Amino acid sequence: MKKKLIQAFVQIIVVLLILSSPLLIVNYRKQINEKRIEKEEPWKGVITLWDFPRLNVKTGSRYGWILDKIKKFERENPGVYIEFKPIDWKKGTTQLEEAVKTGRYPDIAPIAADFNYMKKGILEPLDNYFTKEEKNKFKCQALRAVTYNGKMWGVPFMMTTYVMYLNLDLFIERGVEPPIDGNWTYEEFVEKMKMLTWDSDNDGEIDHYGFTSFIKPNYYNVWGIILSDGADIIDENSGEYVFYGDKALKGLNKLIDLKYKYKVTPEDFGILNENEAWEMFYKKKNVAVYPTGTWALRVLENLKNKGEGFEFTVANYPIGDMKLPVSLNNSVSAYGIFKQEDEAKLKMCVKFLKYITQEKYQRELEDLGVFPVKTGITDLYMYDNKVKRIENSLSYTKIIPRHEKWKEIDRILQSQIKSALIGEKSSKEALDDAKKQIQKLYINDN
């Protein structure tokens, strides 16, 4: 009897082992796979990166910021090499466009805030590589700039905008008060510009001017004046061109009137190129107010510290019917990753972009005269009123319209505005001609 009980017990054990063996095998294989994954080597190879210059005024380096990050990332990721190709602002955009046409584009480039690249389907969507928490660390404006059709197409890394720079030495010399808190109406702006336009050597010729700038595609230095009465260029909902009518005409007339009605600009305003206009402000020091990007802040500070500059401050664009200052800019810079065949390489590209946008490197952007895209960095400019004022003005910045024909629209608009500024046609004629040419773009597109 006892022997039979033992046999029955053994048989039960055998049956249980047979039944549980598949589970044991699956569990064993799972453990083996986990160990294999742990032992797998991270991706190694070459990642190609193209980038524009980012001037560091303290060092004079144009590509030093990104090169420093590349060196550190390579050190922390043995076997990964970032092949860097510097491109400049003059030819870089064309080089990138040609690279896309030929299919010989880099792995990473600063094009992720460009609507055309998002729409072409040549970038990797990155939502699966960023947690909700990681996304929430980006400022809303920055994240919105790289989002299209609900997907994240790039990684923002810096923000900038346009403001007005004021030569305070000239303001003091002429007894003119700068705007309180950096805000002024158009009427207040004009009155101050009149006082800052004068003949300094009494030879009968005006040689100091309140204001100047330049007109050029992809530069929006004067658009804070043009859009101050609430005009839009492209309707966000319909995508239709809408820069005509009373608001557009009033805004453009405000710019034209500075030259012809109030005579507070050089006679060649509209003809002056970028370098000529900038030199009048920073070098010749015969222009009191000049609108440009945030990069100029560190340049002017550096000149002042060397004894070659002047006391200055910053202000918002003159306030019009919108009742708030406004500026127009492609204010967010972001890196995108072109389509990859190797998932492991794609992950390494993402790792690199996360690496260079971590908080400690966002803080270094101060040296470049630009601003962080991450939230929570509130103490960076706490004791610098000028920079803090510029940072606050980011909320008044309108992003250039998202339209696949924007470059052509921009070229037409800037050309017509220039024609009005140099007296070839009236403001109304310029807007009408721009409308006709741009509507042809829409027709041809359909």
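The values are calculated or read from the model by the stated rules, or taken from the named source; none is laboratory data. Owing to the predicted nature of the structure, the values given are computational and were not obtained by experimental measurement. All Cβ positions, glycine included, derive from the backbone under ideal geometry; neighbour counts span all protein chains shown.
Descriptive notes on the structure:
- Residue in the stretch 93-102 that is under 20 Å from the mean Cα position of the chain (by Cα), β-branched (Val, Ile, Thr) and assigned by TED's automatic domain parsing to the domain that holds ASN149 present: yes
- When the criteria are applied in full, GLU173 meets the requirement of being farther than 22 Å from SER393 by Cβ, without any contact (Cβ under 8 Å) to a residue 40 or more places away in the chain, surrounded by fewer than 18 Cβ atoms within 10 Å (Cβ to Cβ) and not assigned by TED's automatic domain parsing to the domain that holds LYS119.
- Taking the criterion of being under 13 Å from LEU166 (Cα atoms) and either out of contact with any Leu (no Cβ under 6 Å at 6 or more places or on another chain) or in a loop (DSSP other than H, G, I, E, B) (or both), the residues of the stretch 295-314 that qualify are ALA296, LEU297, LEU300, GLU301, GLY309, PHE310, GLU311, VAL314.
- Residue count for the stretch 278-323 under the criterion of being within 20 Å of PRO179 (Cα to Cα) and without any contact (Cβ under 8 Å) to a residue 12 or more places away in the chain: the result is 1.
- Residue match in the stretch 158-177 (condition: part of a loop (DSSP other than H, G, I, E, B) and under 21 Å from the mean Cα position of the chain (by Cα)): yes
- Positions within the stretch 120-150 being among the hydroxyl-bearing types (Ser, Thr, Tyr) and free of Cβ contacts under 8 Å to residues at least 40 places away in the same chain, in sequence order: THR131, THR147
- Failed item in (1) loosely packed, with under 14 Cβ neighbours inside 10 Å; (2) over 30 Å from LEU249 (Cβ atoms), with MET348 passing the rest: (1)
- Residue within the stretch 246-260 that is surrounded by fewer than 22 Cβ atoms within 10 Å (Cβ to Cβ), assigned by TED's automatic domain parsing to the domain that holds ALA430 and outside any helix (DSSP H, G or I) present: no
- Residue under evaluation GLU83, criteria (1) under 27 Å from PHE115 (Cα atoms); (2) assigned to a helix (DSSP H, G or I), criterion not met: (2)
- Scope the stretch 382-409; condition of a type in the set (S, T, N, Q), farther than 21 Å from ALA142 by Cβ and surrounded by 15 or more Cβ atoms within 10 Å (Cβ to Cβ); matching residues: none
Residue-by-condition table, conditions (1) of a type in the set (A, V, I, L, M); (2) under 21 Å from TYR317 (Cβ atoms); (3) modelled with pLDDT under 95:
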| position | (1), (2), (3) |
| --- | --- |
| ASN116 | no, no, yes |
| THR131 | no, no, no |
| TYR162 | no, yes, no |
| PRO178 | no, yes, no |
| THR185 | no, yes, no |
| GLU188 | no, yes, no |
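- The residues on offer are GLU267, GLU279, and the sole one that is of a type outside the set (Ser, Thr, Tyr) and either in contact with a Gly (Cβ under 9 Å, 6 or more places away or on another chain) or in a loop (DSSP other than H, G, I, E, B) (or both) is GLU267.
- With respect to (1) surrounded by fewer than 20 Cβ atoms within 10 Å (Cβ to Cβ); (2) within 21 Å of GLU429 (Cβ to Cβ), the lone exception for PHE269 is condition (1).
- Sole residue being aromatic (Phe, Trp, Tyr), in the same structural domain as ALA420 (by TED's automatic domain parsing), more than 25 Å from the chain's Cα centre (by Cα) and buried (at least 19 other Cβ atoms within 10 Å of the Cβ), chosen from TYR241, TYR209, TYR220: TYR209
- Filter result for THR131 (over 24 Å from LEU368 (Cα atoms), surrounded by fewer than 17 Cβ atoms within 10 Å (Cβ to Cβ) and among the hydroxyl-bearing types (Ser, Thr, Tyr)): yes
- Complete set of residues in the stretch 66-95 that are crowded, with 17+ Cβ neighbours inside 10 Å and modelled with pLDDT under 95: GLY92
- Within the stretch 51-82, if we keep just the residues that are touching a Leu at 6+ places or on another chain (Cβ under 9 Å) and among the hydrophobic types (A, V, I, L, M, F, W, C), the residue that is nearest to PRO106 (Cα to Cα) turns out to be ILE82.
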